[in-house]
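Data block below; observations after.
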Amino acid sequence: MVRQCGAAETASQSFFRPFGAGSRFTIYPRLAPWALFSRPLRGFSWAALLHFVLVSKVATQSRAPAPDRHHGIVLPDRFRYRGERMRTLLDIVLAFVVLVFGASLSWGQARVEDGGHEIQLWTGGGYSVPGGTSNTGVWNAGLRYGWILTRPHLPGFLKGRFEYALDAVPVFVVFQPANTAFGAGFNPLNLKWNFATRGRVVPYLELSGGTLFTNHDVPAGTDRVNFTSAAALGAHFLGESRNWSIELRYMHISNAGLGDLNPGLNTVQVRLGIGKFFGSGKAKK
């Protein structure tokens, strides 16, 4: 399946083989990134994205791993496994970036509407703050689907629409002094107040709650199952084809007493998102 570098290759194909034939950076002509677009710069092919991620992963795993050597010394297995986890994380990040870029080219008009819905891809990260475990960083990414449940309520500058949303969090990384924990989570409770403004900037407040499962204890020496609670202040920037969002989020992570120790982890994060509002087609108020 892997084509050898040869004289017949075009310059564009050779560009993606800087590490020689058989390296994990080999990009097959049929799986080149521009193949994700069924028509260049006009539409995004979700099937091509899935094909790109899955076939690239299968091709990577099908090659027999070469021994990791440095000056004739065989590295311990734990370094090899850590490298495999990092490669898997890079694959996930690549898929997420391509997904966001493709979606930004294909989504339609973005408006906050009564009885409408929201879909969003987001990513964020931050660092620990006083009140719990220190010297710890976090990075996470996810997909949101929300429902605008009400018409505008409350007087004056408080006027806004209430939204309920669900978050799937397939990537959650905790950088601890003892180790790096990889995990995933699900947030079934996101209560959001979108302020009703007349312009393209829509501020919002949010309260969230969910669960987190990791391969190492978070914090170290506690438990692999945790609960998350968060409060956020942010804004949507509405565009003709999509909306961007930026927010400041305070997140608390703890095992709620499931373990013998529960020092907790408090972080302040910056989150970026790209998405759209869609639904009834009513004019925005």
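Is there a residue being among the aliphatic types (A, V, I, L, M), under 23 Å from the mean Cα position of the chain (by Cα) and modelled with pLDDT under 95 anywhere in the stretch 161-169? Taking every residue of the stretch 161-169 in turn, none turns out to be among the aliphatic types (A, V, I, L, M), under 23 Å from the mean Cα position of the chain (by Cα) and modelled with pLDDT under 95. Sort through G221, G259 and tell me the only one that's modelled with pLDDT under 95, in the same structural domain as F182 (by TED's automatic domain parsing) and on the phi > 0 side of the Ramachandran plot. Checking each option against the conditions leaves just G221. When each of I253, I274 is tested for being in contact with a helix residue (DSSP H, G or I) (Cβ under 7 Å, 6 or more places away or on another chain) and either in the same structural domain as G125 (by TED's automatic domain parsing) or crowded, with 18+ Cβ neighbours inside 10 Å (or both), the lone residue that passes is I274. In the set (1) closer than 25 Å to S241 by Cβ; (2) more than 17 Å from the chain's Cα centre (by Cα); (3) not acidic (D, E), G131 fails one condition alone, (1).
Considering the stretch 134-176, and only residues there that are over 19 Å from L207 (Cβ atoms) and small (G, A, S), the residue that is surrounded by the most Cβ atoms within 10 Å (Cβ to Cβ) turns out to be A141.
The values are calculated or read from the model by the stated rules, or taken from the named source; none is laboratory data. If you're wondering where the values come from, they're calculated on a predicted model, not measured in any experiment. Glycine also receives a Cβ, built like all others from the backbone with ideal geometry; neighbour counts cover every protein chain displayed.
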